[in-house]
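Comments concern the structure below.
The values are calculated or read from the model by the stated rules, or taken from the named source; none is laboratory data. Predicted, not measured: the structure shown is a model, and the values here were computed from it. Glycine gets a Cβ as well: all are built from the backbone with ideal geometry, and neighbour counts include every protein chain shown.
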Amino acid sequence: MDSLPTTTPPQERAWNWTAAGRLLKAQAVILGSFVLFIWFLEIVDVLLFRGALDVLGVRPRTRDGLLGILFMPFLHNGLGHVLANTFPFLILGWLVMLRRIGAFLVVSTLAILVSGLGVWLLGPAGSVHLGASGLIFGYFGFLLVGGLFERSLLSILLAVVVAVFYGGLIWGVLPQGEGVSWQAHLFGFLGGVLAAYLLTSRRDEVWTP
C-alpha cells in the first residue's frame, strides 16, 4: 500500500525557528558578555587604576602568580590589546559554539587552565602575562584538529574555514620577540587540541546534549 506524503506541521516549523532564535540569542549573550566585560575592565584599569590591575596576571613560578591563571584572559595591556583580541574571540568562539554551547564551555575552560599553567611553568622569570590570546588559540586548536578526531561534515568544514582564514595564527605558537606571550599561544592551542580529543572520545557518554 502506498504511503501518503508527510509534511512538517506549521507548529513544528515555527518551533524550529523559535529554537534557532533562542540558540542564537544565547550565543550572542555569552560572547557579548565576555567582550563587554573585558572592555569595561580595561577601561576602568586605564582610567582609574593606571594599569595597576595588570599585576594580577600570570607571574611565572610565583605562588601569587598561580591566581593569575584565572585572571589572565580578562586582563589586557591597554585598549589596543583588547581590540586586537576582540574580533578573533568573537569569530572563533562563535565557530566553536556551532558545534555546541557545551563544547564552547569545555574548550574555554581547558584553554584557560592549560595556557595559564604553561605560562606559569615556562614563562620568563619576572614577567607578567595578560590577555585572552591563550583562549583564542584554544578555539583555534580545537577547530583546526576537530575534523581529524570527529570526522563529521561540520567539523571538517569548520577546520577548512579556520585553516583558510586563520591559518597564519599557527606561527604564534613559536617563540616571539619580547612582549608576546608565545607560551600562552602554544599551551592554549594544546588545550584546544586536548578539548577536541576529549569531546570526541566521550561525546556519546557525556558531552552530547
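Checking the stretch 175-184 against the condition returns a match, with at least one residue being touching a residue at least 12 places away in the same chain (Cβ under 8 Å), assigned to a loop (DSSP other than H, G, I, E, B) and either within 13 Å of Ala103 (Cα to Cα) or of a type in the set (S, T, N, Q) (or both).
Residue check: Asn77 meets all listed conditions (1) assigned to a helix (DSSP H, G or I); (2) more than 24 Å from Ala28 (Cβ to Cβ); (3) touching a residue at least 24 places away in the same chain (Cβ under 8 Å); (4) not acidic (Asp, Glu) but one, namely (1). For the stretch 79-102, check the following and say yes or no: at least one residue is touching a helix residue (DSSP H, G or I) at 6+ places or on another chain (Cβ under 9 Å), at pLDDT 95 or above and more than 29 Å from Phe165 (Cα to Cα). No - not one qualifying residue is present in the stretch 79-102.
When every residue of the stretch 128-138 is checked against the conditions, none turns out to be of a type outside the set (A, V, I, L, M, F, W, C) and over 25 Å from Ala195 (Cα atoms). Of everything listed in (1) out of contact with any Asp or Glu (no Cβ under 9 Å at 6 or more places or on another chain); (2) over 19 Å from Val162 (Cβ atoms), the single unmet condition for Val128 is (1).
Is the stretch 87-103 home to any residue that is assigned to a loop (DSSP other than H, G, I, E, B) and within 16 Å of the chain's Cα centre (by Cα)?
Within the stretch 87-103 (the criterion being assigned to a loop (DSSP other than H, G, I, E, B) and within 16 Å of the chain's Cα centre (by Cα)), the answer is yes, since at least one residue qualifies.
Out of Leu121, Leu154, one residue alone is exposed (fewer than 13 other Cβ atoms within 10 Å of the Cβ), in contact (Cβ under 8 Å) with a residue 40 or more places away in the chain, more than 30 Å from Arg61 (Cβ to Cβ) and not basic (Lys, Arg). It is Leu154. The requirement of being in contact with a strand residue (DSSP E or B) (Cβ under 6 Å, 6 or more places away or on another chain) and either farther than 20 Å from Gly191 by Cβ or at pLDDT 95 or above (or both) is fulfilled somewhere in the stretch 129-140, by at least one residue.
Restrict the check to the stretch 33-49 and report whether at least one residue is of a type outside the set (Lys, Arg), part of a helix (DSSP H, G or I) and under 13 Å from the mean Cα position of the chain (by Cα). Checked the stretch 33-49: at least one residue is of a type outside the set (Lys, Arg), part of a helix (DSSP H, G or I) and under 13 Å from the mean Cα position of the chain (by Cα).
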